[in-house]
Amino acid sequence: MEHDKLWEEVKRKTSKPFPDCLYECFPEFVGKISDLDYSLLILEQRSIFNVERVYDALVQYPNFSIEEALSSENVIVQALAMIDKRLGKRRLKQLVFYTDTYPIV
């Protein structure tokens, strides 16, 4: 549903074809990702994640050490690390979060 809402938003703003329409409406992502994943990245910035990406993170997470999970590229893995018992209170207090950190983390 959220993907469809995104496309409706894009259609209201521009009449250009894909992927130019996304580049015009969301220029901050140009060059960061391939054209096919562009809409998924935009939705992730809005904290809306693809089911397959969540599933992959849940399957892979048990194989990570806590350090690997915290430094992972996958935001969902990082979020899971926040609630992991292995993190501990002291290390949680020492973590530094930047302004560009996803809200889910």
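Laboratory data are not the source of any read-out in this text; all were calculated from the coordinates shown. Bear in mind that the values here come from a model prediction, so they are computed numbers and not experimental data. Here Cβ is always computed from backbone atoms with ideal geometry, including for glycine, and neighbour counts include all displayed protein chains.
Worth pointing out:
- The stretch 50-102: trypsin sites (Lys or Arg not before Pro) falling in loop per DSSP and having at most 15 other Cβ within 10 Å: Lys85, Arg86
- Length gained when the stretch Gln45-Gln60 is fully extended (0.36 nm per residue, less Cα-Cα span): 3.2 nm
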